1. What is the P(r) of segment 110-192, as percent of Cα-Cα pairs per 5 Å bin from 0?
2. In debye, nearest 20: dipole of segment 195-358 around its Cα centre with unit charges on the Cβ of K, R (+) and D, E (-)?
3. Determine the gain in length on full extension of the stretch Glu346-Ala327; use 0.36 nm per residue of separation and subtract their C-alpha separation, reporting nm with one decimal.
4. Given Cα pairs under 8 Å that are at least 6 residues apart, what percent is the relative contact order of segment 195-358?
5. Could you work out the pair-distance distribution P(r) of segment 177-258 from its alpha-carbon pairs, with 10 angstrom bin width and percents rounded to whole numbers?
6. Residues of segment 169-200 with amide nitrogen under 15 Å from the 7 Å Cα-to-Cβ point of Asp230?
7. Pull up all non-local amide H partners of Ser129: gap of 5 or more, or a different chain, and H-to-H distance under 5 Å with H placed in the peptide plane.
8. Can you tell me the FRET efficiency between Glu217 and Glu162 if r is taken as the Cβ-Cβ distance and R0 is 45 Å, rounded to the nearest 0.05?
Amino acid sequence: MFMNTDKFTGRKVWAVVLLALVLILAACGGDEAPDLVIPTPAVTVPIPTADAGQPTVAPSTIAPTPTLAGLQPTATLPPPPTVAPPLPTTDGGQPTAAPTSTPIPAATATPVATFAPAADAGYRVAFVSADDTLNVRRRPDPDAAVVAELLPGTTGIQVIDEGQSIRGGGFWLPVETAAGDGWVNSRFLTEDVSHETFCGDPAVTDLLNQLQKALAEENGRLMRDLVHPDRGLRVRVNWWNPEVTFAGEDIQTIFRAQKKYDWGTEDGSGKSIRGTFADVVLPQLESDLLAAGDWRCDEGVFGPTAGLTILPQGYEAVRFYSAHRPAPADQEFDWGTWLVGIERWEGRYYVSYLVHYRWEI
């Protein structure tokens, strides 16, 4: 009985449906089917935005970055702060601002006779930023009167006598300059070595070979012999990140020390980079410097990047070698470059800085 009722009701329903369909077709103008329009959502392809003042570049327009030439950073240098106090000066971190309410005790000078400049060696200002100057003072004392101010990159400086080690103030040298004679903190001087002399000296290539050996073997004693104990080694995981300086016993223990350093921030994410030299820097040295296939004297070699590839301010005073690991054919952005700064001091070459470069967004 249930099944018969269901069949009867089904016939009625189909009759109603057929009648309604006829009426709809008549209203639509015959047997033509209505147009069906499906909206297509718009697709937006994000273009990477560079950080730290770097321009935005679409992936299809990225061109290889020009190499460093002649150690002369130009308009690519980051602009100075828009609001700044009167021009500071450098004596090893002591500005020339008026003294505070707490007077600084007078420095104690201890003559030393260990400094022996190379014959006819000239010196130039080094590691002084573009908005700073190097003070020439009347005495080897950060509080002594200033007799001259030397601009970054100033050359033609002559060391005329033995230096003095100042308690809490570094090692100072007596100098003759075109701007005036006096004393300067030796940390901001370097021997002025010509490109031809530097690139043609086998002692430089021997130093680079020893550096690779020290890194490959994680040999702290050998590393100590390659870096001046007082002038130290400056390291940057990116050229725009802050430098970390290792000197003295820190050089010998650099591969096993557990001290963590602030290396700056990651490109793009802004995440803080903190860790030991062995955890943060050594892996990049192994992957890029030890695997470098292209070494150039006084010339930086880089892969494509949306960022800049320049020397940090003040570093241009020191000659360098570029160790470049090219990217694989199918991964054009997977490249790495280390610039190895090498300075001559008292007639001997030392590793002065290590600056890393890679693809930036």
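No value in this document is a laboratory result; all are computed from the given coordinates. Quick caveat, the model's predicted, so the values are computed rather than measured. Positions of Cβ are generated from backbone atoms using ideal geometry, with glycine treated the same way; all protein chains shown enter the neighbour counts.
1. For segment 110-192, the binned pair fractions read 3, 17, 29, 28, 18, 5, 1 percent.
2. 440
3. Contour length minus Cα-Cα distance gives 3.0 nm.
4. 23 percent.
5. 15, 35, 36, 12, 3
6. What the label zone holds, given the 15 Å backbone N cut-off, is 169-175, 183-191.
7. none
8. 0.75
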